[in-house]
1. Of all residues in segment 169-191, which are modelled with pLDDT of 95 or more and touching a strand residue (DSSP E or B) at 6+ places or on another chain (Cβ under 6 Å)?
2. Name the one entry in E7, E67, E27 that is charged (D, E, K, R) and open to solvent by 90 Å² or more (accessible area, probe 1.4 Å).
3. List, please: which pairs have Cβ atoms under 6 Å, are six or more places apart or on different chains, and start with a residue in segment 115-131 that is more than 15 Å from M146 (Cβ to Cβ) and end with one that is assigned to a helix (DSSP H, G or I) and of a type in the set (K, R)?
4. Limited to segment 42-71, what total is found for residues that are among the hydrophobic types (A, V, I, L, M, F, W, C), within 23 Å of E126 (Cα to Cα) and touching a strand residue (DSSP E or B) at 6+ places or on another chain (Cβ under 8 Å)?
5. Does at least one position in segment 138-147 carry a residue that is open to solvent by 40 Å² or more (accessible area, probe 1.4 Å) and at positive phi?
6. Based on what the data block shows, is M156 buried (at least 18 other Cβ atoms within 10 Å of the Cβ), over 26 Å from N188 (Cβ atoms) and without any contact (Cβ under 8 Å) to a residue 40 or more places away in the chain?
7. Looking at segment 32-76, which of its residues are under 22 Å from F186 (Cβ atoms), without any contact (Cβ under 8 Å) to a residue 40 or more places away in the chain and outside any loop (DSSP other than H, G, I, E, B)?
8. Give the residues of segment 30-53 that are exposed (fewer than 14 other Cβ atoms within 10 Å of the Cβ) and over 26 Å from the mean Cα position of the chain (by Cα), sorted by residue number.
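The values are calculated or read from the model by the stated rules, or taken from the named source; none is laboratory data. Just so it is clear, the model here is predicted, and its values are computed rather than measured. Neighbour counts run over all protein chains shown; Cβ positions are idealised from the backbone, glycine included. Heavy atoms of the whole protein, side chains included, go into the accessibility calculation; ligands, DNA and RNA do not. Shrake-Rupley method; radii C 1.70, N 1.55, O 1.52, S 1.80 Å.
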Amino acid sequence: MSSINNEENNISLLATHYKSVIDLLGEDASREGLLDTPERVAKAMTFLTKGYNENPEEILKKALFKEDYSQMVIVKDIDFYSLCEHHMLPFWGKAHVAYIPNGYITGLSKIPRVVEVFARRLQVQERLTTQIKDCIQKTLNPMGVMVVIEAQHMCMQMRGVQKQNSTTTTSDFTGVFNTAKTREEFINLIR
């Protein structure tokens with residue numbers, strides 16, 4: 001079965017389940033305003049979780065270049081949107097990624113694409129941070145990688161504690177970023 005047919009089949013199955021969810025919530029899924037909602041939600045969820053079908057390591061390898069540059073490379077303020085795996089509500093924010101090359105660099109656009117692949121899965125912010133770091137470290141084998149993510153979570157803002165202005169920050173690092181001086185340089189450069 002082709003990937004297009006498989007995706008269409010998945011959307012159809014998801015739509016059937018979303019119709020049941022709407023009915024279970026006490027709504028009438030056959031009401032005019034909701035007739036196409038199950039399919040729209042199925043398509044939206046397929047898009048929002050498309051990262052399961054993408055390989056972030058391959059993205060980096062497609063633009064891998066031998067280069068003697070050995071200073072910090074930073075891509076900051078990378079916007080991302082993800083879904084919390086606990087409530088399937090959105091969380092979003094900015095990722096800041098740095099690496100210090102060790103003979104190889106990658107195309108600058110590939111770093112945000114790696115962030116996007118991991119963000120487009122059911123996630124927790126802590127894992128998202130580590131997955132980005134691990135992927136870059138494994139694929140580029142740099143002298144070090146550091147990732148900082150700042151995000152707002154709808155599961156904290158619209159339900160639960162209902163703290164609308166809270167931001168969660170996570171970080172993870174390898175190699176030369178284990179030294180405080182290198183981490184401080186990165187933090188100062190992303191401010």
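1. T169, T170, S171, D172, F173, T174, G175, V176, F177, F186
2. On inspection, the qualifying residue turns out to be E7.
3. R120/K50
4. 2
5. yes
6. Judged against the criteria, M156 is a match.
7. Once the filter is applied, which keeps residues that are under 22 Å from F186 (Cβ atoms), without any contact (Cβ under 8 Å) to a residue 40 or more places away in the chain and outside any loop (DSSP other than H, G, I, E, B), segment 32-76 yields V73, V75.
8. S30, R31, E32, G33, L35, D36
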